[in-house]
Amino acid sequence: MNATTPYTGRLAPSPTGALHLGNARTFAIAWLRARLQGGRVIMRMEDLDHPRDKPGAAAAAYEDLRWLGFDWDEEHVQSERREYYREAVAKLASSGLAYPCTCSRRDVESAQSAPHAGEQLHYPGTCRGRWRSWDEAAAAIAPRVPCWRFRVEPGTRVGFTDAFYGYYEQDVASALGDFPLARDPDGAGYTLAATLDDCLMGVTEVVRGDDLLGATPGQILVARALGFEPPGYFHAPLVVSSDGFRLAKRHGDTRIASMREAGVAPERIVGVLAWWCGWAEFGEELTLASLLDRFDPRAIPPSPAVLTEQVKRHLRIDS
Ligand code: GLU
Ligand code: ZN
């Protein structure tokens, strides 16, 4: 980003469930970072994950975010943007950078040469050059559906300086191999769609949870392959339960809508988000806009924020 490019940020919820405290904290950081730089905020609903998407979840997310004090300048819905994804995946396929893969998860698992950390399995390129087209691949394994994979040449290293985390580098070929782009014939799937949209929408900085840090080098490769300069990144630590796990139902109901229904004020919730970021004392009640005066990325602890018993009592989260 150069000095003349206005900051453009985005909030990119997935309507696979209700907005909870973890999403809200990440979105607060994203919104504050944009507004403090006089930037635009794009709302992008990432509703391509059928059948995990829940009816009504998108409208509920808008409502919950407005209630917490968020606003935005532009609204996009990915399911209405399929023509862009189709065009991009066709471009990548015609240059040999994307290809259909018919391997099952078990096929990929049994091809692992070493035990792999994290959710992402390493893919050795089994289906490179195997199918002439998506349709041919799809017919061969129906009713299973192929996925599009992105071709990564050996020795492809990508490094970038994350605005929160610092320098991060990955040998994409040995970490991920040919990673998945989408599980849809038209390329409408998370990696392709989110990467392309960030570029087409002129996003200058992606602020999101650090669970996606390891997926970023691949997204940088995709952006470049599509002819774009990738955005900057700010990966914030997640909120975890007191046992150190990602928030899940068994840790209590952390949905923003449930707290609202229980009579918890939005300022009380925002106060907790700010406390987690090191910008407030515990128990302060604050509006989102008032955090513009307190925002300091250096105060955000590098370790995950914890949903403690004290937070649960304060926000009437029962478990
Ligand atoms: N829609 C994704 C999610 O809710 C966010 C992806 C991103 O920020 O790149 O997990
Ligand atoms: Zn394959």
Exception for Glu75 within (1) open to solvent by less than 80 Å² (accessible area, probe 1.4 Å); (2) within 16 Å of ligand 1 (Cβ to nearest atom); (3) not in a loop (DSSP other than H, G, I, E, B) falls at (1)
Quickly run through segment 1-55 and pick out the residues that are surrounded by 20 or more Cβ atoms within 10 Å (Cβ to Cβ), touching a helix residue (DSSP H, G or I) at 6+ places or on another chain (Cβ under 8 Å) and among the small types (Gly, Ala, Ser).
-> Gly9, Ala12, Ala24, Ala28
Please state which of the following conditions Glu285 fails to meet, knowing it meets all the rest: (1) in a loop (DSSP other than H, G, I, E, B); (2) in contact (Cβ under 8 Å) with a residue 40 or more places away in the chain.
-> (2)
Condition check for Ser113: out of contact with any helix residue (DSSP H, G or I) (no Cβ under 8 Å at 6 or more places or on another chain), open to solvent by 70 Å² or more (accessible area, probe 1.4 Å) and away from ligand 1 (no atom under 16 Å from the Cβ) | yes
Within segment 212-255, residues in contact (Cβ under 8 Å) with a residue 60 or more places away in the chain and β-branched (Val, Ile, Thr) come out as Ile220, Val222, Val239, Val240, Thr254
Out of (1) in contact (Cβ under 8 Å) with a residue 12 or more places away in the chain; (2) over 24 Å from the mean Cα position of the chain (by Cα); (3) more than 12 Å from ligand 2 (Cβ to nearest atom), the odd one out for Val158 is which?
-> (2)
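Here's the yes/no breakdown for (1) of a type outside the set (Phe, Trp, Tyr); (2) out of contact with any Asp or Glu (no Cβ under 7 Å at 6 or more places or on another chain); (3) in a helix (DSSP H, G or I):
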{"residue": "Asp107", "(1), (2), (3)": "yes, yes, yes"}
{"residue": "Ser113", "(1), (2), (3)": "yes, yes, no"}
{"residue": "Gln120", "(1), (2), (3)": "yes, yes, no"}
{"residue": "Cys127", "(1), (2), (3)": "yes, yes, no"}
{"residue": "Glu136", "(1), (2), (3)": "yes, yes, yes"}
{"residue": "Pro143", "(1), (2), (3)": "yes, yes, no"}
{"residue": "Phe160", "(1), (2), (3)": "no, yes, no"}
For Leu212, are the conditions met, namely being surrounded by fewer than 18 Cβ atoms within 10 Å (Cβ to Cβ), assigned to a helix (DSSP H, G or I) and at pLDDT 95 or above?
-> yes
Residue check: is Val89 modelled with pLDDT under 95 and either surrounded by 18 or more Cβ atoms within 10 Å (Cβ to Cβ) or within 16 Å of ligand 2 (Cβ to nearest atom) (or both)?
-> no
Has segment 162-177 got at least one residue that is within 14 Å of ligand 2 (Cβ to nearest atom), without any contact (Cβ under 8 Å) to a residue 60 or more places away in the chain, open to solvent by 30 Å² or more (accessible area, probe 1.4 Å) and not basic (Lys, Arg)?
-> no
In segment 237-266, anything part of a loop (DSSP other than H, G, I, E, B) and open to solvent by less than 60 Å² (accessible area, probe 1.4 Å) is listed as Pro237, Leu238, Gly244, Leu247, Ala248, Gly252, Asp253, Thr254, Ala262, Gly263, Val264, Ala265
Long-range neighbours under 6 Å by Cβ, at least six apart or interchain, first residue β-branched (Val, Ile, Thr) and open to solvent by less than 60 Å² (accessible area, probe 1.4 Å) within segment 120-149, second within 13 Å of ligand 2 (Cβ to nearest atom) and part of a loop (DSSP other than H, G, I, E, B) | Ile141/Thr102
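Results for (1) surrounded by 16 or more Cβ atoms within 10 Å (Cβ to Cβ); (2) under 22 Å from Trp72 (Cα atoms); (3) polar (S, T, N, Q), shown as yes or no for each residue.
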| position | (1), (2), (3) |
| --- | --- |
| Trp276 | yes, no, no |
| Glu284 | yes, no, no |
| Arg298 | no, no, no |
| Ser303 | no, no, yes |
| Glu309 | no, no, no |
| Leu315 | yes, no, no |
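The values are calculated or read from the model by the stated rules, or taken from the named source; none is laboratory data. Please read these numbers as outputs of a predicted model, since none were measured by experiment. For neighbour counting, all protein chains shown are included, and Cβ atoms are generated from backbone atoms with ideal geometry for every residue, glycine included. Note: accessible area is taken over every heavy atom of the protein model, side chains too, but ligands, DNA and RNA are not part of it. Shrake-Rupley method; radii C 1.70, N 1.55, O 1.52, S 1.80 Å.
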